[in-house]
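Right, one structure below, let's go through it.
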Amino acid sequence: MTGRPVRLATRGSEQASTQARVVAEHLGEATGRPAELVFVETTGDRRQDVPLHVIGGQGVFVKEVQQAVLDGRADAAVHSAKDLPSIPAPNLVVGAYTRRRDPADALVGRPLDELGEGAIVATGSVRRRAQLAVVRPDLRFVELRGNIATRLGRIPEDGAIVMAVAALEVLGRTELVAERLDPTRFVPAVGQGCVAVEVAADDDETIELLAALDHAPTRHAVEVERAFLAELGAGCTLPVGAHAADGRLRTFLAASDREDRHVDLIIASDDVALSGDDGDLERAREAARAAKDAVGWNVSP
């Protein structure tokens, strides 16, 4: 490999650093340019004892990583796409959406039909809580934060935790999946399973390099999902899901109390046909407006 190493900013967690190393390897294979990692601690990493909605939710895992690019300490920022705020950061663009891994959620511990009456499920996601409560209103939910090793050590006795299948794929731990939750029924978070690589909007050289990693079908799907989220004005701490695949956009929205995050299970879900063109962005926005009307939920950007 020749040329100056491309500096990739990333969180230091096992999952984040592993997926950044995969990006670095693929970049070297595709372009012949070496890459090195620049580790950044984020607000979300520092405050793992606090629920995400309390510390702000949207952007808590990406802002400091983005700043490393804006400050010139890195050439690109590697994120889990589901962590990106719905509104793009000024002066940054997504240079690559890498090929998506499995977007589904999974139960680790016990599968759904083996969870007893009133069993405990640990998850910090109100979306996951709402979707599971639809089919199992008897379940009890508790908060779950921390890195993957910490979370795997907190599986409730006779209960389960909820994790993204992609996170377990990255770490080679898919044998832990007790049940993969069908994403057509349990709609994933926007961008789940995809890695996004941001770059300065005026850095033509790095943009050209990252183009070799961009997976066009994944880019279209994630941009459609993000259009749905942006129209809601909602972030990853709210009970929202959207997943574009196989020519369909499946969406989920639950009305909840903005004060205590209690999900009252007024649900709007939709299955929208896509055409594979730019018109899909407006179809996603229309679906978001219809979802808000259906639950009577006024969400401000």
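Answer with yes or no whether Leu209 is over 17 Å from the mean Cα position of the chain (by Cα), crowded, with 20+ Cβ neighbours inside 10 Å and in contact (Cβ under 8 Å) with a residue 40 or more places away in the chain. So Leu209 passes the test. Restricting to the range 16-45, what's the tally of residues that are more than 16 Å from Gln66 (Cβ to Cβ), touching a strand residue (DSSP E or B) at 6+ places or on another chain (Cβ under 8 Å) and crowded, with 18+ Cβ neighbours inside 10 Å? Final tally of qualifying residues: 5.
Residue count for the range 14-28 under the criterion of being aliphatic (A, V, I, L, M) and within 16 Å of the chain's Cα centre (by Cα): the result is 2. Apart from one condition, Ala216 fits all of (1) in contact with a Phe, Trp or Tyr (Cβ under 9 Å, 6 or more places away or on another chain); (2) touching a residue at least 40 places away in the same chain (Cβ under 8 Å); the exception is (2).
The set of residues in the range 110-147 that are in contact (Cβ under 8 Å) with a residue 40 or more places away in the chain, aliphatic (A, V, I, L, M) and in a loop (DSSP other than H, G, I, E, B) comprises Leu115, Ala119. Within the range 140-160, the residues that satisfy the criterion of being among the aliphatic types (A, V, I, L, M), farther than 20 Å from Ala16 by Cα and out of contact with any Leu (no Cβ under 6 Å at 6 or more places or on another chain) are Val142, Ile155.
Taken over the range 3-18, the criterion of being in a loop (DSSP other than H, G, I, E, B) and under 20 Å from Asp83 (Cβ atoms) is satisfied by Gly12, Ser13. Looking at this structure, is Asp102 surrounded by fewer than 22 Cβ atoms within 10 Å (Cβ to Cβ), modelled with pLDDT of 95 or more, assigned to a loop (DSSP other than H, G, I, E, B) and not β-branched (Val, Ile, Thr)? Considered against the rule, which asks whether it is surrounded by fewer than 22 Cβ atoms within 10 Å (Cβ to Cβ), modelled with pLDDT of 95 or more, assigned to a loop (DSSP other than H, G, I, E, B) and not β-branched (Val, Ile, Thr), Asp102 comes out as yes.
Of everything in the range 171-203 that is among the aliphatic types (A, V, I, L, M) and within 14 Å of the chain's Cα centre (by Cα), the residue that is surrounded by the most Cβ atoms within 10 Å (Cβ to Cβ) is Val190. Here Leu152 clears all of (1) outside the structural domain of Ile207 (by TED's automatic domain parsing); (2) without any contact (Cβ under 8 Å) to a residue 40 or more places away in the chain except the condition numbered (2).
Taken over the range 214-232, the criterion of being over 20 Å from Val165 (Cβ atoms) and either surrounded by 21 or more Cβ atoms within 10 Å (Cβ to Cβ) or under 17 Å from the mean Cα position of the chain (by Cα) (or both) is satisfied by Arg219, His220, Glu223, Val224, Arg226, Ala227, Phe228, Leu229, Ala230, Glu231, Leu232. Of the residues making up the range 273-287, at least one is surrounded by fewer than 17 Cβ atoms within 10 Å (Cβ to Cβ), touching a Lys or Arg at 6+ places or on another chain (Cβ under 9 Å), at pLDDT 95 or above and part of a strand (DSSP E or B).
The values are calculated or read from the model by the stated rules, or taken from the named source; none is laboratory data. Predicted, not measured: the structure shown is a model, and the values here were computed from it. When we count neighbours, we look across all protein chains shown, and the Cβ atoms used for this are built from the backbone with ideal geometry, even at glycine.
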